[in-house]
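A short reminder: the numbers here are calculations on the coordinates, not readings from a lab. Source: prediction; values computed, not measured. Don't worry about glycine lacking a Cβ; one is built from the backbone with ideal geometry, like all the others, and counts go over all protein chains shown.
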Amino acid sequence: MPKRKLEYEENHEPASGDPKNRYVEGGDGQGSTTRGYRRILTHDDYTVGWICPLEVEQIAALEMLDEEHERLPQSFTDHNVYTLGSIAGHNVVMRMTFPNLRFGLLVGIGGGVPVKTDNGMIRLGDVVVSKPAGRHSGAIQYDHGKANVSQFEHTGALAPPPALLLGAAQDLAVTRARSRTDSVWENIKRIDTSVRGLRRYKYPGPGHDRLYKPDYVHLKPGVSCDECRCDPSQGIQGAIDEEDDEPCVVVHRGTIASGEKVIKDGVLRDQLAEEHGVLCFEMEAAGTLADFPCIVIRGISDYCDSHKNDDWHGYAAAVAAAYARQLFFHMPIGEVKRYNVMSSAAEQHIHQLKQRQDDQDRQQVLNWLTELDYGPQQDDFRRGRQEGSGQWLLDSIEFRQWLNQRGQTLFCPGIPGAGKTIMSSIIIDHLSTKFNDDPAVCTAYIYCNYQSKPTKKTEDLKPEDLLSSLLKQLAKEQPTIPIDIKNLHKRHTMKGTTPSFDDITRLLRSIVKVYSRVFIIIDAFDEYHVRDTKGQNKFLSELFSLQDQLQINLLATSRFVSEIASRFDGCIWKEIRAQDDDVLSYINMRLPQFRLKISKYPELRDTIRKDVKRAADGMFLLAALHIDALSSQITVGHVKQALKKLPRGMAGLDKTYEIAMGRIEGQDENYRCLGKQVLSWISNAKRALSTAELQHALAVSAGTVELDRDFLPEIEILDSVCAGLVVVDKNSDIIRLVHYTTQEFFERTCLFPNAEIEMTTTCVTYLSYDIFASGFCLTDKDFEERLLQNPLYDYAARKWGHHTRAVLTKLKPKQEQMIMDFLQNAGKVSASSQAMIASKVAIHDPRYSQRAPKQITAVHLAARFGLESAICHLLALEKFDPNVRDDNGQTPLSYAAQGGHGIVVHQLLTNNRVDRNIKDSGGRTALSWAAQNGKEAIVGLFLENGVDPDTPDDDGRSPLSWAAENGHVVVVQELLATSATYPDSADDNGQTSLSWAAENGHYEVVKVLLATNKLNPNSRDVEYGQTPLS
C-alpha cells in the first residue's frame, strides 16, 4: 500500500483558526506501528458526511482517507464513535452530528440487477451511483405506496443528489473516460490485502462471478454454490473481459431502489427492476434521503437472488469507497462551503441509519438462536392475576434469602392447580421491577407448563432449545450481540448447520459472566418432557453446573414428583399453595360475572366466598372451576344446590372435571357435540392449535370437496360450550385446556376413543379439497395466501400422517380409500408436501416456499409417515416407481429410513424393484441418513440386507462419519462390527470419524473408535491442519 501523505490544500482555512496537532503512537495489531501527529479541528470544520453502516464498509472507507484526525469531545448522551479525516482537502466525518455538514455520501454494498447500461452489463464488483432518470430522482423506495382501485401506486419519492455531487460525478466520468489509467482502481490499491485483516477486500476474480437464471433457486441456504452443487447449466453467461491483467472498475449511473427487506429472489428482482428501471437494490437510502442531500454509491456484491453470499462483500465495499474517494477530487472546496448546511432532521436520519442496520442484524441473530418467546405468556399471566396476589411469597423468609444471596436455588413445589405458574409470573415481574435500573442484573425465564405444548414454530423441545431461549434472553439485554454469538451464527449459517448442545452451553457461560447477577426462573419443570427424564436431567444438570461456576440464582416450580424433588435436596424450599386472601380476591373479581345478580343477595354472596374458599383447599384451579360452575346457574336455588356438591381439594379434582363434563352433556345436542369436539381436538392434537385452525377443523364435513364457511363456529361459542375447560391466550391466539391436569384427566378416562380416526378423516378431507388440486405454489406470496385462506392447511399437511399411523389397524375400507384417493392425486400431494416442508429460516427469507421439493410423490409421503398399508397398495401399482427421486434426489427408502419406520424400510428392501444403494444429489444413501439420525434398528435392517456400510457421499463422508459426528454410539458399534467398514477413512477435508466425534464432544464415541486400534489419532485435516484430539 502506498504511504499516506498529509495533504493540506492551500485554499483550506479552518473556521476556527490554525489546527492543533496531537502526537499519537500505536499499533495496528499486525506488527506495524503508527507514529505521527494527528490534526485536531473543530466540529465546524467538517463539511461532508460519509455514511457506511456496515463494518466491512467502514474499514474500506478508512483506507481511503488521506489522513485521520483526532476525535473531538462529544455530548454525554452521544454514544456514537466518529471517525474524522480528510480527502483532497475536504474534511470528512464518518457517522453524524456536526453543525456544518453540507451533504453526505452513502457508500457501501448493494445488490445488482444484471441489465445492460451504456457501460455494459452490471456484474459483481461494478459500482452503481444514484442519478435522476426518467420520473425518478435517483433513488426510490420500492416498498412504500398506497393501494388504489386497480393498482399499487408507489409514493416513496426520495431526495435527488445535490447538483454539486451530480456535477462531480459527471466530471469524474469524463476524466476517467479520457485517462489511460483508472484513478478508481489506483484508489483500491491503497488497501493492502496482504494484511490479514484486509484480505477480504481482495478481488475474487471473474471465476467467482456466477449469475443464474432468475427462477433457479439455490439448493441449500447458507452453503456456497460449489458446496451444494448448483447446476452450472442454469447459469447465464455475461460479458466479462478476462484478458485484462487488472479488473476494470465499471461505473453505472441511474436509479437505486431502497427498501426494508433484503431481496433474495431473482424473479422479484427483475420484476421490480423492469417496473422502475432499477440498477441496484439496497436498504439504507430510504431511511436517509427524505430530507438529506446525499448521493448513493454502491459496490455490487450480489445479484439479489437466492445464491447471494459474502464472497464479494469486501471487494464491493472497497470499490465503492475507492469511487467515493475519487469523487472528492472533483468537488471544489469553495463550492462545498457555500452549500446549505444539512438539516437537523437529516442528521437524525443518519443516526437512525446505523441503529436500524444494527437492529436488523441483531434480530436476525437472536431469532436464529431460537424462535421460542415466553414473553406473550408472561403478558397473559400478568393480565390474569389480581393486584396484590402472591405478596405472601415475596415477603417470605425463604424468598428473601434466595433473593439476597448469590448462587442460591429456591425450589417451590406445589399440588396441581395451586397457582405455581401465576406465582412464577409474579416473581419475574418483581425481579424486573426491582432491578430495572441496573443493566448488570438480568432475569431469564422458561414456562414448561401446558401452554408450552409445541406450536407451529416449536414441534419439539430439546434441552438445547430451552438453553438457547435463556441465551437469547440474556443476549437481548446487551447493547450489542456478543461477538462469540455472531461468530457462531456466521459459522453455522455458512455450513447450513445448527449449534450443538456444547455450543449453546459454552456461549451461555460466556454471557452470564457479563452480568453481576443472573436470575433464572423455570416454571412447571415437571411438565417438561414428561416422557423423557433424560432430557430433564440433562437440562437441570447444566443449570446446576452453571450455578456452581458462575453463582446464578435458580428458582424452579414443580408438582411433588420424587425424582425431581430429589434433585433439589439441600436447596431452599418453599411450598406454593393458594392463600385464602388471594382466593377471596379472585372470587370477588368473578362474582359480578355471574348470570344471577349476586349483588342482590349479600348472604348468598358471603356463602359463595366461604364455601368456594374452603373447597379450593389451596388450589386456585379448583376455585376457578367452581366459580365457572356456579356462574352459569340461573336461580338462587340452583346456586345453593351446586354449593352443597362442591368437591374439595386434590381428591375432588377429578370429580370437578366429571361435573364439568356433566354440564357439557346436559347442553342441547348441537352444543354438546360441539363442546366434545373442541375438547377432543385440543387434547389429541399433535401441537397447540390456533383459534382459526380449530374453527376450520370443526367446520370440515367428510366427503365434501370444499369448505362451507357458513359452518365456521364463533370463538365465543367454542369457549362457552366447554364449561370453563378451555381458555384462549390473547397474545398467541392459541386455544388450550385450562390446565395440564385437564389433559391428564382426559387421558386417564379415555373420553374420546375415536379422536385419532376423526382427526385423520378431517385432515385428509381438508387436504383433498379441490382448491389444492392446482398443486405447488410458485411464489411465497401465493403460498402464504393459501395458508391464510386455509388456516388448517399447515396442521393437516404436517400431521395427517401421524394421526393416520396411530390408527392404521382401525381404519375402515371407506377411510382407507379416502387416503388412497388423496395420495393418487399428484396436484394435491404436491401442494400438501409444500406445506409440510416449507419453513422460514429467518424473518425475511425470500423464496423459502420454493425450497420445498416439488417432485415429492405419494410413495414419498407414505414412506415419510410410515404408512405400511398405503406403501403396500402403491407398490402394487405399476405407475408408482419405488425409486422415484425428489428434487434433492431422495427416494422413498431414504424418507422411511430418516423417519425410523422399520416396517416400511423392510417392505422396500424386500421389493425387487428397489435399489438399496441408490444415492441422492449429495451422494448419500438411505443408510447414511439413518446413521446420522441415530436410527439403530434401521441401520441393522440395512446391514442384514447387504447394503454397503461404507459408501462415501460426494464430500467423502461415510455413514460412520455421520453417526460419529452426532454421537450415536450404538450405530457406530453396529457399523464397526462389519468388516466392510473402514474406521479411519477421511473425507475430502481430511476429517475422520474420530475427528468428527472429538470436535463435537462425543467422548463415548471417541472411546469406541479408539478401541478398534485401527485409527491414526495424529491425522490432520486439510483446512486447519488439526488432529482429532487437538
Worksheet item: So which of K264/K935; K202/K486; K116/K264; K810/K879 end up more than 25 Å apart, counting from Cα to Cα?
Response: K264/K935; K810/K879
Worksheet item: Assuming a viscosity of 0.890 mPa s and a temperature of 25 °C, what translational diffusion coefficient in µm² per second does Stokes-Einstein assign to the chain, Rh being the Kirkwood radius over Cα pairs?
Response: 74 µm²/s
Worksheet item: Helix 580-590 versus the longest principal axis of the chain: what angle, 0 to 90°, nearest 10, using Cα atoms?
Response: 80 degrees
Practice prompt. Report, in deg cm²/dmol and to the nearest 500, the calculated mean residue ellipticity at 222 nm for the chain, where each DSSP H run with n ≥ 4 adds -39500 (n - 2.57) and the sum is divided by the residue count.
Written response: -12500 deg cm²/dmol
Worksheet entry | ³J(HN,Hα), Karplus 6.51/-1.76/1.60, whole Hz, each residue of region 555-569, x for Gly, Pro | 10, 9, 10, 6, 6, 6, 10, 4, 5, 7, 4, 5, 6, 10, 4
Practice prompt. Scan around H252 for amide H atoms under 5 Å from its own, H built in the peptide plane at 1.01 Å from N, and keep only partners 5 or more places away or cross-chain.
Written response: V127, V128, V129
Discussion item. Taking 8 Å as the Cα distance limit and 6 or more residues as the minimum spacing, I'd like the relative contact order of the chain as a percentage.
Written reply: 8 percent
Worksheet item: Sorted by packing (mean other beta-carbon atoms within 10 Å per residue), highest first, where do 107-117, 172-182 land?
Response: 107-117, 172-182
Worksheet, complete the sentence: Within region 971-1030, DSSP-loop chymotrypsin sites (Phe, Trp or Tyr not before Pro) with at most 11 other C-beta atoms within 10 Å are Y1024
Worksheet item: Considering only Cα-Cα distances, which of the following residue pairs are longer than 20 Å: K814/K854; K613/K644; K610/K645; K781/K840; K462/K686; K213/K308?
Response: K814/K854
Discussion item. Could you tell me the relative contact order of region 370-573? Use alpha-carbon pairs under 8 Å, at least six residues apart, and round to a whole percent.
Written reply: 36 percent
Worksheet item: Does region 663-778 come out rounded, prolate or oblate by the C-alpha gyration tensor, with a ≥ b ≥ c the root eigenvalues, rounded set by a/c under 1.5 and, if not, prolate when a/b is larger than b/c and oblate if not?
Response: prolate
Practice prompt. Specify the inter-centroid distance of region 773-814 and region 467-525, based on alpha-carbon positions, in whole Å.
Written response: 35 Å
Worksheet item: How would you classify region 949-1030 from its alpha-carbon gyration tensor, with a ≥ b ≥ c the square roots of the eigenvalues: rounded for a/c under 1.5, else prolate if a/b is greater than b/c, otherwise oblate?
Response: oblate
Practice prompt. List the trypsin sites (Lys or Arg not before Pro) within region 892-973 that fall in a DSSP loop (any state other than H, G, I, E or B) and whose Cβ has at most 13 other Cβ atoms within 10 Å.
Written response: R913
Fill in: Part-to-part distance (alpha-carbon centres) for region 527-597 and region 404-435, which is given in Å
8 Å
Worksheet item: Hey, what angle do you get for helix 163-178 against the long axis of the chain, alpha-carbon based, 0 to 90 degrees rounded to 10?
Response: 60 degrees
Worksheet item: Given H placed 1.01 Å from N in the peptide plane, which residues other than close sequence neighbours of V92 have an amide H under 5 Å from its amide H?
Response: G85, S86, I87
Discussion item. Using the Karplus curve 6.51 cos²θ - 1.76 cosθ + 1.60 with θ = phi - 60°, what ³J(HN,Hα) values do you get for each residue of region 851-858, in whole Hz, with x for Gly and Pro?
Written reply: 7, 5, x, 8, 9, 6, 10, 4
Item to complete: Of the options Y515, V969, I446, report the single residue whose Cα projects farthest towards the positive end of the charge dipole of the chain (beta-carbon charges: Lys, Arg +1; Asp, Glu -1).
Response: I446
Practice prompt. Give the angle, between 0 and 90 degrees and rounded to the nearest 10, that separates the Cα long axis of helix 669-684 from the longest principal axis of the Cα atoms of the chain.
Written response: 60 degrees
Discussion item. Out of all DSSP beta bridges in the chain, what portion is antiparallel? Express it as a percent rounded to 5.
Written reply: 45 percent
Item to complete: With an 8 Å cut-off on Cα pairs and a minimum separation of 6 or more residues, tell me the relative contact order of region 949-1030 in percent.
Response: 28 percent
Worksheet item: Projected onto the charge dipole of the chain (+1 at Lys/Arg Cβ, -1 at Asp/Glu Cβ, origin at the Cα centre), which of P53, L124, S183 gives the Cα projection farthest towards the positive end?
Response: P53
Worksheet item: Reachable lysines from K574, Cα under 17 Å, same-chain residues fewer than 8 places away excluded?
Response: K420
Discussion item. Test of the criteria: in region 565-666, which trypsin sites (Lys or Arg not before Pro) are in a DSSP loop and have at most 16 other Cβ atoms within 10 angstrom of their Cβ?
Written reply: R595, K597, K645
